[in-house]
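Student: This is the structure I have questions about; it appears just below.
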Amino acid sequence: MKKILITRKLIKESEDKATKTFDPIFNTNDELYSQSKVIQMSKGCDGILTSLTDKMDQETINNLPDTIKIISNFAVGFGNIDLEAAKKRGIAVTNTPEVLSDATAEIGILLILGACRRAAEGIESAREGGWKWSADYLIGKQLTGTRLGILGMGRIGQKIAKIARSLGMIIHYHNRSKLSDEKELGAVYHKDIKSLFSVSDVLSICCPATKETENMINKETVEFFPKGAVITNVARGDIVDDEALIDALNRRKIYAVGLDVYKNEPNLNPGYFKIKSAFILPHLGSATKDTRIAMANLAIDNINEFLKTGNCKNKVN
Ligand code: GLV
């Protein structure tokens, strides 16, 4: 049986499947392994099942044992792994697309609702005994008739568009390429981000983090938005320059944010905590039992397929 290292504790059903498929090394205490511990523990293993909390940078990958043939990431995003370094060492990298689109889109919608309807302020006030009702208390932004800009119209973006449409939002989007009519469903395509941001009363960031999208929300681009726009991010923190966004929130150029992902997780920019209108979640995009089981199943199947056939449909490098 092939030996694999699973760097984080998985849901029981997933660990049972791993036991049936491989000779796995589990992390029973769900300890956050250092990079050197991952290297050391993967001795004699054929593959590693990583999570987005594992920084598989060039140095870590270069020091992995020669027996490692695959790094199977338990996530659709793979910004935590240096794909080129892995490729140079002949190590395949895989991800878990599709199975988490619905769960992540739900959180994307929650971010929009939470930010627009001032959920963070409402929860805080209700908990702290500051209960109050008045005709003008915690007035938020209604979504009906509001323009939603979607940055990255892949599977998650399209699902968010579908739900947002049912809430009466008008969909605009930017993507590397324009979608077909049946995928677009009437959404307005914008060739560049300036054009998209200028019509985005609410923005939903759904694109992968790449060299091209890094800090796409920055000092310059934040000015493209209508005054009082809302920015939400269900994708990756690297797409946002936090200082620029926090400054725009403080100036009320941006009315509110809904964020599930951050640069440098778990040490997000503390500036966000000082902003009352910031609706902040701790990277919960795929956090439902069914989705986490489906992701783990796929991550395990990816290793199995690759070790058996030398290829895998979810290979990303
Ligand atoms: C979660 O953020 C993922 O990329 O799967």
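The values are calculated or read from the model by the stated rules, or taken from the named source; none is laboratory data. Please read all numbers here as calculations on a predicted model, not as lab measurements. Cβ: placed from backbone, ideal geometry, glycine included. Neighbour counts: every protein chain shown. Accessible surface areas use protein heavy atoms only, side chains included; no ligands, DNA or RNA. Shrake-Rupley method; radii C 1.70, N 1.55, O 1.52, S 1.80 Å.
Student: Within the range 98-125, list the residues whose amide N lies under 13 Å from a label point set 7 Å along Cα→Cβ of Asp290.
Tutor: 99-104, 106
Student: Which aspartates and glutamates does Lys308 reach when only Cα atoms under 12 Å apart count, and residues fewer than 8 places away in its own chain are ignored?
Tutor: Candidates past the 8-residue exclusion: Asp46.
Student: What does the C-alpha gyration tensor say about the overall shape of the range 2-70? Classify as rounded when a/c is under 1.5, otherwise prolate if a/b is larger than b/c, or oblate.
Tutor: On the way: a/c = 2.21, a/b = 1.36, b/c = 1.62.
Oblate shape, in that a/c is at least 1.5 and b/c is the bigger or equal ratio.
Student: Computed FRET efficiency, Cβ-Cβ of Leu83 and Glu124, R0 30 Å: what is it to the nearest 0.05? If you can, show how the numbers build up before the last one.
Tutor: Details: r = 41 Å, r/R0 = 1.37.
Result of the calculation: an efficiency of 0.15.
Student: Hey, can you find the accessible area per residue of the range 101-280 for me, probe 1.4 Å, expressed in square angstrom? Walk me through the numbers on the way to the answer.
Tutor: Working: 9030 Å² over 180 residues.
Ligands and nucleic acids excluded, the figure is 50 Å² per residue.
Student: Using a 1.4 angstrom probe on the protein heavy atoms only, could you order Met153, Met1 from most to least accessible area? List each step's numbers first, then the result.
Tutor: Numbers: Met153 5, Met1 160 Å².
The ordering from most to least exposed comes out as Met1, Met153.
Student: Which lysines, if any, have their Cα less than 20 Å from the Cα of Lys55, not counting same-chain residues under 8 positions apart?
Tutor: Leaving aside lysines fewer than 8 places away in the same chain, those within reach of Lys55 are Lys9, Lys37, Lys43, Lys69, Lys87, Lys88, Lys211, Lys263, Lys315.
Student: Quote the accessible area belonging to Arg292 in square angstrom, nearest 10, computed with a 1.4 Å probe and with ligands, DNA and RNA left uncounted.
Tutor: About 70 Å², ignoring ligands and nucleic acids.
Student: From the phi of every residue in the range 4-18, what ³J(HN,Hα) in whole Hz does the Karplus formula 6.51 cos²θ - 1.76 cosθ + 1.60 yield, where θ is phi - 60° and glycine or proline is x?
Tutor: Residue by residue, the range 4-18 yields 10, 9, 10, 6, 10, 5, 10, 4, 3, 4, 6, 5, 4, 5, 4 Hz.
Student: Would you mind telling me the antiparallel percentage of the DSSP bridges in the chain, rounded to 5? If you can, show how the numbers build up before the last one.
Tutor: On the way: 1 of 39 bridges.
The antiparallel proportion sits near 5 percent.
Student: On to the next question. Please work out how much accessible surface Asp66 shows to a 1.4 Å probe, ignoring ligands, DNA and RNA, in Å² rounded to 10.
Tutor: Counting only protein heavy atoms, Asp66 exposes about 120 Å² to solvent.
Student: Along the principal axes of its C-alpha atoms, what lengths does the range 101-280 span, in descending order and rounded to whole Å?
Tutor: Each principal axis gives a Cα extent; for the range 101-280 these are 51, 33, 30 Å.
Student: A follow-up question, please. Taking only C-alpha pairs under 8 Å that are 6+ residues apart, what is the relative contact order of the chain in percent?
Tutor: Result for the chain is 19 percent.
Student: Mind giving me the FRET efficiency for Glu98 and Met1? R0 is 35 Å, r the Cβ-Cβ distance, nearest 0.05 is fine.
Tutor: With R0 = 35 Å, the Cβ-Cβ based efficiency is 0.80.
Student: Okay, next question. Gln35 to Leu167: FRET efficiency via 1/(1 + (r/R0)^6), r the Cβ-Cβ distance, R0 30 Å, to the nearest 0.05?
Tutor: Details: r = 43 Å, r/R0 = 1.44.
The pair Gln35/Leu167 has a calculated efficiency of 0.10.
Student: Ignoring ligands, DNA and RNA, what percent of the accessible area of the range 101-280 is carbon or sulfur (1.4 Å)?
Tutor: Working: 4770 of 9030 Å².
C and S fraction of accessible area: 53 percent.
Student: While we're on this one: Quick check: the angle from helix 101-116's long axis to the longest principal axis of the chain, C-alpha only, nearest 10 degrees?
Tutor: Around 30 degrees separate the two axes.
Student: For the range 174-187, just list the computed ³J(HN,Hα) in residue order, Karplus coefficients 6.51, -1.76 and 1.60, θ = phi - 60°, integers in Hz, with x standing in for Gly and Pro.
Tutor: The phi angles translate into 10, 8, 4, 9, 5, 7, 5, 4, 6, 8, 6, 6, x, 5 Hz.
Student: If you don't mind, there's one more thing I want to ask. Using θ = phi - 60° and the Karplus curve 6.51 cos²θ - 1.76 cosθ + 1.60, what whole-Hz ³J(HN,Hα) does each residue of the range 225-237 get, with Gly and Pro shown as x?
Tutor: Values per residue, Gly and Pro as x: 6, x, 4, x, 6, 10, 10, 10, 9, 10, 9, 8, x Hz.
Student: Relative contact order, percent, of the range 169-258 when contacts are C-alpha pairs under 8 Å separated by at least 6 residues? All intermediate terms of the calculation are to be shown ahead of the outcome.
Tutor: On the way: 135 pairs, mean separation 23.6, N = 90.
Rounded, it is 26 percent for the range 169-258.
Student: 7 Å from Cα along Cα→Cβ at both Asp192 and Ala135: what's the point-to-point distance in nm?
Tutor: For the pair Asp192/Ala135, the computed spacing is 4.7 nm.
Student: Amide H neighbours of Arg147 under 5 Å, at least 5 residues apart or on other chains, H built in the peptide plane: list them.
Tutor: Close amide H contacts, sequence-distant or interchain: Ile170, Asp201, Val202.
Student: Roughly how compact is the chain, stated as its Cα Rg over 2.2 N^0.38 Å to two decimals? Spell out each step's value before the answer.
Tutor: Numbers: Rg = 20.9 Å, N = 317, 2.2 N^0.38 = 19.6 Å.
Ratio of Cα Rg to 2.2 N^0.38 Å: 1.07.
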